[in-house]
Each structure stands twice: as C-alpha cells, then as structure tokens.
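Peer 1: Got a structure for you, written out below as structure tokens; questions coming shortly.
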Amino acid sequence: MITLKDFEDTGALLTGHFRLSSGLHSDTYLQCARLLQWPARAEAAGRELAETLAEFAPRVIVSPALGGLIIGHETARALGLPFLFAERQDGAFALRRGFAIAAGEPVAIVEDVLTTGKSTREVIETVNRAGGRVVAAGSIVDRGLPADALPVSSRSLLTLSVPAWPEEQCPLCRRGVALDTPGSRHPRT
Ligand SMILES: [Zn+2]
C-alpha cells in the first residue's frame, strides 16, 4: 500500500514556499514524479488505484499530460484497459494523436494529485465532448479536493491535509518568503 512514507523515502514530499499548479500557495509540495521514478512503486500505486476504480467499470483510462501519464498508464495496465492522454493545445485540453473514444464508453480519469479539481473538470469536459462518459476520477493523492469539486465520484490512495492558500492570503508571502522552485530544492528526508 502506498503511504506517506513512500513519499518521504523517495524525496517526493518537499517543504518550503510553493505555488501549486492550481495557483494556490502552500508550504508543502508533492513531487509525485519522484515517487513514480521507481517503476515498482508506480506499478504498485497503479494496481491499488485500479482496485479502487474497478467498481465503476471503466473501459478506458484517460490522464492529463504530463502529471497523470505514468500513474494513468500503470492503472490502465492493471485493469487491462487502453490508456489515452489529454494534452494542452492553445491552453485547452485536447485528445490528439488520433486518440478516439467510442460513443458512451465509460472512462475513468486518473491523475497524480487532485487539489482543486480544476484540471480534472477540464479533462472530463474534453472526454465528454469526444463522446465518452466519465464515470469516476482517481488519483494517488487527494490534497483537499472539495466534496463538490467534480461531477463524478473520486477515489484517492492517500489524503494529505496540508494548508494551501490563495496568494493574497498566503502567510509566507506576507512574511516576504521567496517562492521555491520545486525542481531546484533538496527534498526533505
Ligand atoms: Zn505565498
């Protein structure tokens, strides 16, 4: 089972002052790629997520690039399903590369981290426009997804309740602490 210890052991849990992809600021950053750089851990996480998503009987897994690629692929592998990804094109998510979804086909969206659900909602809309029917969303980590953030059920392997604030309410900004770039920071170990 994936636990917080896996994140700590792989340097995937960073502390500092970060701007999350949601735009919120936080003192904790999850760099899931550091966990997923270990194929055995990625495979185990995908298997676990596959078990929790099986009840929704998806026939296709779709992830947003780049963050969702590895975990989406591993989840699809565990379920024996095809894996597609959506990527940003002129700011909006699109299914490119000839990816197609059959009309009404049940789809599960898989991400690394769910925070506000904004990008997941965009991918759900993209899939629905392509003719699919999104039945659930899954992620490795739930970073405080609001209960009504998604129009479908969601499942996460790990819930991490760490503070995140809009920039204007960020106590670190107020204290004048410089923003960290996660890629350049040493992990907390
Ligand atoms: Zn801040």
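The values are calculated or read from the model by the stated rules, or taken from the named source; none is laboratory data. Computed from a predicted structure; not experimentally measured. For neighbour counting, all protein chains shown are included, and Cβ atoms are generated from backbone atoms with ideal geometry for every residue, glycine included. Remember, those area values only see protein heavy atoms, side chains included, never the ligands or the DNA or RNA. Shrake-Rupley method; radii C 1.70, N 1.55, O 1.52, S 1.80 Å.
Peer 1: Out of all the residues in segment 150-163, is one or more surrounded by fewer than 18 Cβ atoms within 10 Å (Cβ to Cβ) and of a type in the set (Gly, Ala, Ser)?
Peer 2: Yes, the conditions are met somewhere in segment 150-163.
Peer 1: For residues that are in a helix (DSSP H, G or I) and open to solvent by 10 Å² or more (accessible area, probe 1.4 Å), scanning just segment 5-35, find the one that is farthest from VAL152 (Cα to Cα). If you could, list the steps in order and put the result at the bottom.
Peer 2: We begin by selecting, within segment 5-35, every residue in a helix (DSSP H, G or I); these are 5-9, 32-35.
Keeping just the survivors that are open to solvent by 10 Å² or more (accessible area, probe 1.4 Å) gives 5-6, 8-9, 33-34.
Values: LYS5: 29, ASP6: 28, GLU8: 30, ASP9: 32, ALA33: 26, ARG34: 28 Å.
Only one residue tops the list, namely ASP9.
Peer 1: Return yes when ARG129 is of a type outside the set (Val, Ile, Thr) and open to solvent by 30 Å² or more (accessible area, probe 1.4 Å) and no when it is not. Please lay out each step first, then the result.
Peer 2: Working: of a type outside the set (Val, Ile, Thr): yes; open to solvent by 30 Å² or more (accessible area, probe 1.4 Å): yes.
Yes: the conditions hold for ARG129.
Peer 1: I would also like to ask the following. Inspect segment 57-67 for any residue being away from the ligand (no atom under 16 Å from the Cβ), open to solvent by 40 Å² or more (accessible area, probe 1.4 Å), polar (S, T, N, Q) and modelled with pLDDT of 95 or more and give the result as yes or no.
Peer 2: There is no residue in segment 57-67 that is away from the ligand (no atom under 16 Å from the Cβ), open to solvent by 40 Å² or more (accessible area, probe 1.4 Å), polar (S, T, N, Q) and modelled with pLDDT of 95 or more.
Peer 1: Return only the number of the condition from (1) in contact (Cβ under 8 Å) with a residue 40 or more places away in the chain; (2) within 16 Å of the ligand (Cβ to nearest atom) that SER119 does not satisfy.
Peer 2: (2)
Peer 1: Could you figure out which of (1) in contact with a Gly (Cβ under 6 Å, 6 or more places away or on another chain); (2) in a loop (DSSP other than H, G, I, E, B); (3) not basic (Lys, Arg) isn't true of ASP112?
Peer 2: (2)
Peer 1: Next question. Which count do you get for residues in segment 84-99 that are over 16 Å from THR120 (Cα atoms) and surrounded by 16 or more Cβ atoms within 10 Å (Cβ to Cβ)?
Peer 2: Kept after step one, since they are over 16 Å from THR120 (Cα atoms), are these residues of segment 84-99: 90, 96-99.
Restricting the remaining residues to those that are surrounded by 16 or more Cβ atoms within 10 Å (Cβ to Cβ) gives 99.
Total meeting the criteria: 1.
Peer 1: Tell me which of these TRP38 doesn't satisfy, since it passes every other one: (1) within 25 Å of ALA136 (Cβ to Cβ); (2) open to solvent by 60 Å² or more (accessible area, probe 1.4 Å).
Peer 2: (1)
Peer 1: Go through (1) within 23 Å of ASP180 (Cβ to Cβ); (2) assigned to a helix (DSSP H, G or I) and name the single condition LEU53 misses.
Peer 2: The single condition LEU53 does not satisfy is (1).
Per-residue answers, yes or no, for (1) more than 25 Å from VAL60 (Cβ to Cβ); (2) away from the ligand (no atom under 16 Å from the Cβ); (3) touching a residue at least 40 places away in the same chain (Cβ under 8 Å):
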{"residue": "VAL110", "(1), (2), (3)": "no, yes, yes"}
{"residue": "GLY132", "(1), (2), (3)": "no, yes, yes"}
{"residue": "ALA136", "(1), (2), (3)": "no, yes, yes"}
{"residue": "ASP142", "(1), (2), (3)": "no, yes, no"}
{"residue": "SER153", "(1), (2), (3)": "no, yes, yes"}
{"residue": "LEU158", "(1), (2), (3)": "no, yes, yes"}
{"residue": "GLN169", "(1), (2), (3)": "yes, no, no"}
{"residue": "CYS173", "(1), (2), (3)": "yes, no, yes"}
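Peer 1: Next question. Do you know which residues across segment 68-83 are within 15 Å of the chain's Cα centre (by Cα) and either of a type in the set (A, V, I, L, M) or surrounded by fewer than 13 Cβ atoms within 10 Å (Cβ to Cβ) (or both)?
Peer 2: Answer for segment 68-83, where residues must be within 15 Å of the chain's Cα centre (by Cα) and either of a type in the set (A, V, I, L, M) or surrounded by fewer than 13 Cβ atoms within 10 Å (Cβ to Cβ) (or both): LEU69, ILE70, ILE71, ALA76.
Peer 1: Return the only residue of ALA50, ALA40, ALA100 being among the aliphatic types (A, V, I, L, M) and touching a helix residue (DSSP H, G or I) at 6+ places or on another chain (Cβ under 7 Å).
Peer 2: Details: ALA40 fails: touching a helix residue (DSSP H, G or I) at 6+ places or on another chain (Cβ under 7 Å); ALA100 fails: touching a helix residue (DSSP H, G or I) at 6+ places or on another chain (Cβ under 7 Å).
Answer to the selection: ALA50.
Peer 1: More than 16 Å from the ligand (Cβ to nearest atom) and modelled with pLDDT under 95 - does that describe any residue in segment 45-55?
Peer 2: In the first step, residues of segment 45-55 are kept if they are more than 16 Å from the ligand (Cβ to nearest atom); the result is 45-55.
If we keep only those that are modelled with pLDDT under 95 too, we end up with none.
No, segment 45-55 contains no residue that is more than 16 Å from the ligand (Cβ to nearest atom) and modelled with pLDDT under 95.
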